[in-house]
Amino acid sequence: MARRSTKTPPPDDFEERILDIDVVDEMQGSFLEYAYSVIYSRALPDARDGLKPVHRRILYQMHAMGLRPERPYVKCARVVGEVMGKLHPHGDSAIYDALVRLAQPFSMRLPLVDGHGNFGSLGNDDPPAAMRYTECRAAPAAGLMVESIDEDTVDFTSNYDGSEEEPSALPAAYPNLLVNGASGIAVGMATNMPPHNLGEVIAAARHLIKHPGADLETLMRFVPGPDLPTGGKIVGLEGVKDAYASGRGTFKIRATVEVDQVTTRRKGLVVTELPFTVGPEKVISKVKDLVNSKKLQGIADVKDLTDRRHGLRLVIEIKNGFNPEAVLEQLYKLTPMEETFGINNVALVDGQPLTLGLRELLEVYVDHRFNVVRRRSEFRRGKRRDRLHLVEGLLVALVDIDEVIRIIRSSDDSAAAKEGLISRFGLSEVQTAYILDTPLRRLTRFDRLELEGERDRLRTEIEELTRILDSDAELRKLVSTELAAVAKKYSTPRRSELLESAGAPLAVVPLEVADDPCRVMLSSTGLLARTASGDSGFSSTAKRTKHDVIVSAVPATTRGEVGAVTSSGRLLRIAVVDLPQLPAGTGAPPNLAGGAQVSEFLSLVGDEQLVCLTTLDESSPGLALGTEQGVVKRVVPEYPGHKEELEVIGLKEGDKVVGAVELRTGDEDLVFMTDDAQLLRYQAGQVRPQGRAAGGVAGIKLSPEAKVISFTAIDPAADAVVFTVAGSHGTLDDSVSTAKLTPFDQFPRKGRATGGVRCQRFLKGEDCLTLAWAGATPARAATKAGVPVELPEPDPRRDGSGLPLGNAVAVVAGPV
């Protein structure tokens with residue numbers, strides 16, 4: 001079966017004409033038309049109002065819909081539909097994306113749309129919700145953009161199908177292009193303009209209005225640089241100056257970062273402001289990639305703590321042993337925490353794309369504003385003249401109202417009445433028609449007074465508008481005054497900090513903390529800390545403060561380790577660099593208020609307690625330990641570096657270590673004190689060193705029910721004292737009791753495993769020692785709450801009774 005042709009045959013009078021066209025010429029012409037369409041109708045902003053066509057259409061349509069700031073929100077889909085159906089011949093996604101940007105406070109320095117719902121997040125980490133879920137209305141600044149648009153202030157053109165009209169530019173009561181910036185990619189050109197501070201830009205515009213010949217340097221006193229919605233630090237003002245002069249230039253944007261103690265153990269970098277268009281997720285992703293690829297060192301963790309209440313807060317924890325400043329410099333180099341912004345001030349002027357400097361941008365806006373205010377004034381003067389013409393006609397009629405009524409009643413129709421009134425009173429046709437349309441009830445004496453007042457007011461306003469239109473100085477003054485009012489109401493403080501340069505590179509700071517000497521200290525309240533540069537920073541004559549009793553202190557280096565001996569006979573390693581560092585050379589008394597709790601570094605079991613610190617120096621005479629059941633042990637100094645936990649004594653069931661000390665010379669005297677007031681002193685040489693697993697030897701002979709409450713080692717050549725507090729087994733540990741301070745040399749040496757001598761005589765009601773300590777002077781004492789306690793004067797009688805204390809002593813220690 002033959003296929004039937006569906007092609008319409010040509011008419012009989014059809015004459016075939018073939019034109020030979022060079023394909024190069026055709027492509028060139030078509031491409032130029034396409035390029036011009038993209039440049040003019042889509043991608044580049046107009047230098048007058050700073051808006052692309054889609055943004056202008058959104059704001060104008062919202063104005064036409066009455067979506068003012070005081071009105072309720074409407075669905076964004078409704079706005080997009082109105083714009084697409086009436087003005088914008090492109091897809092809904094392009095319109096909604098443009099609307100979303102107008103509502104984002106992190107994209108716009110002065111948002112033009114008030115959005116309700118999810119309009120995205122910084123860096124587009126969290127994309128906006130669909131337009132069927134979000135709502136919007138015009139922001140107050142949008143009212144400034146369309147203000148007086150109904151007063152013939154701007155030209156209107158036909159829309160894409162000729163069914164509607166749209167403005168070619170908005171009146172723009174402030175320099176929107178500089179304030180909110182713009183970005184777009186056209187064909188063969190692009191624009192990228194940063195936002196600025198509204199108050200600064202208006203100040204520059206007002207100066208240019210007053211001094212039309214102002215140079216760039218003068219204008220930059222008002223606009224020193226961009227002011228980004230996200231803040232940050234702008235580095236490199238030379239590039240900014242180049243851009244303001246030629247329209248092209250670059251500068252760097254750095255995140256705002258503070259070095260802070262983010263945890264009790266670690267310092268960190270707290271990021272509160274990021275570069276323009278950079279979101280926290282982008283930074284986190286890049287940091288993790290660099291850490292995983294070993295290109296970035298010193299970072300322990302990255303946390304995004306951003307919320308609505310506190311705003312952006314990105315916490316980058318720094319590993320102990322690394323300088324936060326050096327890590328920050330690496331972050332600036334390798335991550336989006338420092339970005340380069342290329343300024344390219346391309347905008348449309350009279351339909352032509354031009355690259356404009358700061359002065360040219362201000363001039364175009366100021367000229368546009370002059371034109372808007374001039375056209376507005378002419379429109380208002382015309383409206384007032386028309387109204388004055390009608391009011392004067394009414395007043396003429398009111399003078400002889402009876403004659404007016406007679407003429408109207410005697411006329412056959414309205415045309416005859418009109419002719420009669422015109423010939424009788426010399427009125428115009430417009431005045432006559434208005435009189436005939438006016439209700440008779442308005443033609444009273446009271447309304448006549450109102451009309452006379454209105455006439456006088458209209459004449460005054462017409463004179464004022466005429467004066468503005470006839471005087472360039474008055475026009476400039478009015479424009480400047482209106483700009484000042486906008487700045488007063490809407491300007492905000494600068495957010496971006498301007499820096500001439502990045503300053504001295506931080507790379508000179510070593511990445512890792514130097515292995516400097518220091519001291520590690522343990523306080524009576526269970527705080528650990530290290531000093532800086534090996535200086536204890538403590539003065540024995542300084543004023544006493546809380547938590548000032550240092551019960552153990554050892555020399556170390558920043559990147560080294562120290563040991564911690566516990567009451568269960570374990571030795572645990574502590575990395576010194578993990579400990580909080582106290583300021584060096586402050587002259588303050590021993591105060592570890594800036595330290596961290598032991599529990600953050602050591603895993604203690606049950607009622608296990610930290611007894612002392614040791615250096616892990618295998619060249620020393622080793623550790624000396626004393627237990628509650630009277631066992632003494634000297635430990636051979638062997639500490640394998642691969643073991644985090646070592647056993648330094650094998651304890652019997654129910655026993656525990658009550659004291660431990662690292663021997664310096666091996667010639668020290670070991671001192672036991674028991675709760676029944678016995679003190680035993682003998683040379684450390686009487687105890688043979690043993691391996692770590694050994695259980696020790698008998699150290700002191702205990703009487704029935706007695707136990708050791710203190711063990712230490714004292715240099716016999718040192719000026720030392722013995723402090724004891726007597727009480728009763730039935731009293732509380734923190735009750736006020738009697739105490740005695742005795743010179744150490746009053747106690748003779750005895751043999752190991754003997755009973756020792758009495759160190760305090762009990763008074764009536766006392767049957768035990770609640771606290772005992774022996775060590776070098778000056779001795780410091782404190783209550784359980786850390787309140788300093790003054791000790792009694794030394795008593796040379798080794799077996800004398802004690803004196804009452806003002807406060808209950810909980811801990812005593814010697815100098816660090």
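Some notes on this structure:
- Flag for residue 680 being buried (at least 18 other Cβ atoms within 10 Å of the Cβ), over 24 Å from residue 758 (Cβ atoms) and in the same structural domain as residue 749 (by TED's automatic domain parsing): no
- Complete set of residues in segment 112-144 that are out of contact with any Asp or Glu (no Cβ under 9 Å at 6 or more places or on another chain), closer than 12 Å to residue 96 by Cβ and either not aliphatic (A, V, I, L, M) or not assigned by TED's automatic domain parsing to the domain that holds residue 80 (or both): 119, 127, 132, 133, 134
- Residues in segment 647-664 that are of a type outside the set (Val, Ile, Thr) and farther than 14 Å from residue 618 by Cα: 647, 650, 651, 652, 653, 654, 655, 656, 659, 660.
- Listed by first and then second residue, the pairs with beta-carbon distance under 8 Å, at least 6 apart or on different chains, first residue in segment 421-435 and within 14 Å of residue 387 (Cα to Cα), second small (Gly, Ala, Ser), are 428/393; 430/393; 431/393; 432/393; 434/393; 435/393; 435/397.
- In a residue-by-residue description of segment 213-223, the property of being under 14 Å from the mean Cα position of the chain (by Cα) and either more than 19 Å from residue 344 (Cα to Cα) or hydrophobic (A, V, I, L, M, F, W, C) (or both) applies to no position.
- Selection status of residue 347, in contact (Cβ under 8 Å) with a residue 24 or more places away in the chain, more than 29 Å from residue 51 (Cα to Cα) and either outside any helix (DSSP H, G or I) or in contact with a Gly (Cβ under 8 Å, 6 or more places away or on another chain) (or both): no
- Failed item, numbered, when residue 145 is tested on (1) part of a loop (DSSP other than H, G, I, E, B); (2) surrounded by 22 or more Cβ atoms within 10 Å (Cβ to Cβ): (1)
- The set of residues from segment 204-219 being touching a Phe, Trp or Tyr at 6+ places or on another chain (Cβ under 9 Å) and surrounded by fewer than 19 Cβ atoms within 10 Å (Cβ to Cβ) comprises 207, 216.
- Selection within segment 616-641: residues that are within 14 Å of residue 572 (Cβ to Cβ) and part of a loop (DSSP other than H, G, I, E, B). The member of this set that is modelled with the lowest pLDDT is 641.
- Complete set of residues in segment 128-180 that are small (Gly, Ala, Ser) and within 19 Å of residue 88 (Cβ to Cβ): 130, 138, 142, 158, 162, 163, 168, 169
- Selection within segment 168-203 - among the polar types (S, T, N, Q) and crowded, with 24+ Cβ neighbours inside 10 Å: 176, 180, 191, 197
The values are calculated or read from the model by the stated rules, or taken from the named source; none is laboratory data. Quantities reported herein were computed from a predicted structural model and do not represent experimental measurements. Note that each Cβ is placed from the backbone with ideal geometry, even for glycine, and that neighbours are counted across all protein chains shown.
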